[in-house]
Amino acid sequence: MRTKLLVAAAAITTLLSTAPVAAHHSFAAEFDASKPFKLTGVVTKVEWQNPHTIFSLDITDEQTKKVTNWSFEMGSPNGLMRNGWTRNTLKIGDVVTVEGSLARDGSPYGNAQAVVLASTGKRLFAASSRTDAQ
Amino acid sequence: MSSARYVALASAFVIAAFYTAWAQQGPSASRSVEPAPRLADGTPNLGRVPGEKGVWNVPYIQNMGMRIPGPDGKTAAERGTASENGGRGGAKAEPDVPFLPWARGIYDYNSRNNSKYDPEGYCLPPGGPRLMATPYPMEIIQQPEHKRIFMVFEGATHIWREIYMDGRPHPQGDELNPTYLGHSVGHWDHDTLVVDVVGFNENTWLDYYGHPHTDLLHVIEKFTRPTKTTLRYEALIDDPGAYSKPWTVAWNIPWSAGGELTEYICQENNRYLLKLTDDFGEPVLGGR
């Protein structure tokens, strides 16, 4: 029992201590924390770059069947790698679900806080600049 | 927060509390308070032990107004009486920060627009205490044989600073060239590394919340390593151009055993700056 608890505690400690947020620009100036979203789509583009990795999804509206291309900002590659990512975690054609906060300007753009890959079900934190995202 | 997430979070706290209680009583107690390492000459070692990895996990300190130690030595953030995730209250919410009137006005402006014009958003480096408040790993590398100390920062803009430990004074007059990180000279006061910094330019903010400073800024930093896993950072902010009297901020920086620095080049694809507009809707970059 003690061993299991220690393992769990160690895992939590590791997660907290090795997952610093990326802090580049003002989160609140660009995104609205009171507008959360959860969207699923097909990956069309991945820009594995500083200061933010940005990926795009084709998202189909369930009712109108209209497809809109959205983009999502994550942390920088260094922060993402500490959260378990590599440059090949997201590939063109993958189906993923993204959770985060919408852009204030109403454009199809968001700050991603977590990404779930449909193929594996694995949930990865996106090294968001939103401080309470984790 | 969903109930599942709440349960998970609550469970994590319970486990962490159990682990803490166990660690304090159990056989690992001595390990949890491992003393700070020392160099061969007895000076505190603020970096790695030979053969081990490790970096300082610089925390994300957004508002230094919450990091002013009270009579008990603890800050509002450490007492849990203030949170950076609440709203932005501006200067009136920070009675302990001795703003001059213009600094108060600028701070309120930065509060109202959610730090839209934060220089770090332009990929410019932090200066002064914000180096220890920008959340990317950092290493301290001591070279006593060369009488200097390097601090190497993965983040902000992948930068380093050199602290002269050879007893030299600051350059005087025009020899002191204003820079982002200023001119740092240090000495040891028993087990405390004391660093005196002057020569800042005015292109940085003290923190993300936007406390301003002028080129009169003079910072006195104190670094101590009370245990192997904790770096205590304290900075006296003395800027008669922006504040009516000096004020002090302090926080702990945790050690991340096994950590290593990686690359972070902020300037690569800074879309935020490309689409940033001023208060009149005009692009900040480019012609009008």
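Taking label positions 7 Å along the Cα-Cβ direction at both A:Met81 and B:His187, the computed distance is 4.2 nm, reported to one decimal.
For B:Arg38 and B:Glu263, a Förster radius of 30 Å and the Cβ-Cβ distance give a FRET efficiency of 0.45, rounded to the nearest 0.05. Put simply, the amide H of B:Arg38, placed in the peptide plane, has neighbours under 5 Å in B:Asn45, leaving out anything fewer than 5 places away on its chain. Taking every residue in B:262-272 and counting other chain Cβ atoms within 10 Å of its Cβ, the average works out to 6.
Straight Cα distances below 23 angstrom link B:Lys245 to the lysines B:Lys74, B:Lys92, B:Lys222, with same-chain residues fewer than 8 positions distant left out. Using C-alpha pairs below 8 Å separated by at least 6 residues, the relative contact order for the range B:184-288 is 16 percent. Would chain B count as rounded, prolate or oblate if I go by the C-alpha gyration tensor, calling it rounded below 1.5 in a/c and otherwise prolate when a/b exceeds b/c, oblate otherwise? Oblate. Exposure proxy for B:Met138, A:Met81: other Cβ atoms within 10 Å of each Cβ, ordered fewest to most, give A:Met81, B:Met138. First check a/c for the range B:125-212, with a ≥ b ≥ c the square roots of the eigenvalues of its C-alpha gyration tensor; if it is under 1.5, answer rounded, and if not, answer prolate when a/b is larger than b/c or oblate otherwise. It comes out oblate by the Cα gyration axes.
Candidate cross-link partners of A:Lys35 among the aspartates and glutamates, defined by an alpha-carbon separation under 14 Å and a same-chain spacing of 8 or more, comprise A:Glu99, A:Asp105.
Annotation: for a label point projected 7 angstrom from Cα along Cα→Cβ of B:Glu145, no residues of the range B:151-191 have a backbone N closer than 16 Å.
Under the combined filter of DSSP loop state and at most 16 neighbouring Cβ atoms within 10 Å, the range B:217-285 retains these GluC sites (Glu not before Pro): B:Glu260, B:Glu263. Highest mobility in the GNM of chain B, judged by mean-square fluctuation with C-alpha springs under 10 Å and restricted to B:Thr262, B:Thr134, B:Thr230, is found for B:Thr262.
FYI, it's all coordinate maths here, none of it is from the lab. All values derive from a computational prediction rather than experimental measurement. With ideal geometry, Cβ positions are generated from the backbone for all residues, glycine too; neighbour counts draw on all protein chains shown.
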